[in-house]
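The structure under discussion appears below in the form of structure tokens.
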Amino acid sequence: MPTTPPGYGYPQQPPPYGHLPPPSAPARRWWQHPAVVIAALVVFPPGGIALAWLSRWSRTKKIIASVLASLWFITPFLGDPPKNPESDAKPKSVATVTATAEAAATPTPSASPSPSGPPSYVGQNLKKAKAAAYSAGFNAISHDASDGDAGQWADGNWKVCFQTSAAKKAGSMPTLDFGVVRNEWPCPAKDGETIPYPKIPKVVGQTFEKASTTLEPLALQAIEADSAYSDVTLPATVGDWTVCFQDPEADEDIEYPKTITANLKVTAPGTACPKTEFTELHPDPAPPSTDDDSDGSSSSSSGGSDGGGSVGTVTPGAYCSHPGSTGIGKENGRLYTCKGPGEERWRR
């Protein structure tokens, strides 16, 4: 027999006092859907913010959404505006075209590399230039920039005068061809021409101090002073002494300055320079002349071969081969002897 449920056939009884049924949640509108709110925040942030606050999101989510949407909305307006909006007008285009045309008409110096070309290494030491070129992605070869054909066995002794792109690559990288000369030489006017070697300047007549300053740029091995008179000893300082003779002589080419010593023969202030080198300032009195000088000269020539006797006229200071021989100076008529110290010369 079926059981009748409680209250069947009787009116529904209200719940006991104090036990009201929970209220039903209001229906969500379409504009409260999270997808709609998020799309509005991205596409039109002001409207999205309004929808976010009308949605069922928590207060924290509404604040975060409002801040992010605000930043998204104002970001495009934070860029710097153009300083002069009128500069974007047509006159600017005309000026740009004019400047471009002028730049195209101006010839570009061939020595300057193009913006996309390799750096210039002209003037650098060859060894350093090769290393820098390799770091920049270029191989490098070199050749003698003068009219000679010297090989560069030690790259550190050469400098770059000219730079071109090599006709053939040395490996997989592009190759530069350096025209070089030795570090102490000037570059020729053009690749393959003669080197304009520096020349010894004339310093005769200058003080030794001034002459040394004149010769210093040549980077010679040394600059030395010597007495212009063979019987005068130089003091420790001769800066104010006058140069009478110089070796090398003026206008001689200087190819290897590191091997050249400039010898300057000087005389004391107030003392005139001698007419020739190896001259004595205070010579001994000349011996009296005899009538048979010519006979003595002839006979002494043969005797001089045995190491003595007179050999006739001689050049003071010149080398001689028979120690002890004597002779008469060509210009002054004084008596000279073949003697040392060192190598034998005709000396007083």
Filtered residue count, segment 43-68, keeping only those that are surrounded by fewer than 12 Cβ atoms within 10 Å (Cβ to Cβ) and aliphatic (A, V, I, L, M): 2
Meets criteria (exposed (fewer than 14 other Cβ atoms within 10 Å of the Cβ) and either without any contact (Cβ under 8 Å) to a residue 60 or more places away in the chain or in contact with a Cys (Cβ under 6 Å, 6 or more places away or on another chain) (or both)) for PRO201: no
Given the structure, is SER87 modelled with pLDDT under 75 and surrounded by 10 or more Cβ atoms within 10 Å (Cβ to Cβ)? yes
Scan segment 204-224 for residues that are in a helix (DSSP H, G or I) and open to solvent by 40 Å² or more (accessible area, probe 1.4 Å) and report the count. 6
Hits in segment 171-194 - residues which are in a strand (DSSP E or B) and among the aliphatic types (A, V, I, L, M): LEU176, VAL180, VAL181
When only residues in segment 229-270 that are free of Cβ contacts under 8 Å to residues at least 24 places away in the same chain and polar (S, T, N, Q) count, which is farthest from LYS202 (Cα to Cα)? THR233
Checking TRP158 against (1) aromatic (Phe, Trp, Tyr); (2) open to solvent by less than 50 Å² (accessible area, probe 1.4 Å); (3) out of contact with any helix residue (DSSP H, G or I) (no Cβ under 6 Å at 6 or more places or on another chain), the condition it does not meet: (3)
Inside segment 225-260, the number of residues satisfying the requirement of being under 18 Å from CYS273 (Cα atoms), open to solvent by 80 Å² or more (accessible area, probe 1.4 Å) and either charged (D, E, K, R) or in contact with an Asp or Glu (Cβ under 6 Å, 6 or more places away or on another chain) (or both) is 3
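The values are calculated or read from the model by the stated rules, or taken from the named source; none is laboratory data. Keep in mind it's a predicted model, so treat the numbers as computed, not measured. When we count neighbours, we look across all protein chains shown, and the Cβ atoms used for this are built from the backbone with ideal geometry, even at glycine. These accessible areas exclude ligands, DNA and RNA; they are computed on the full protein's heavy atoms, side chains included. Shrake-Rupley method; radii C 1.70, N 1.55, O 1.52, S 1.80 Å.
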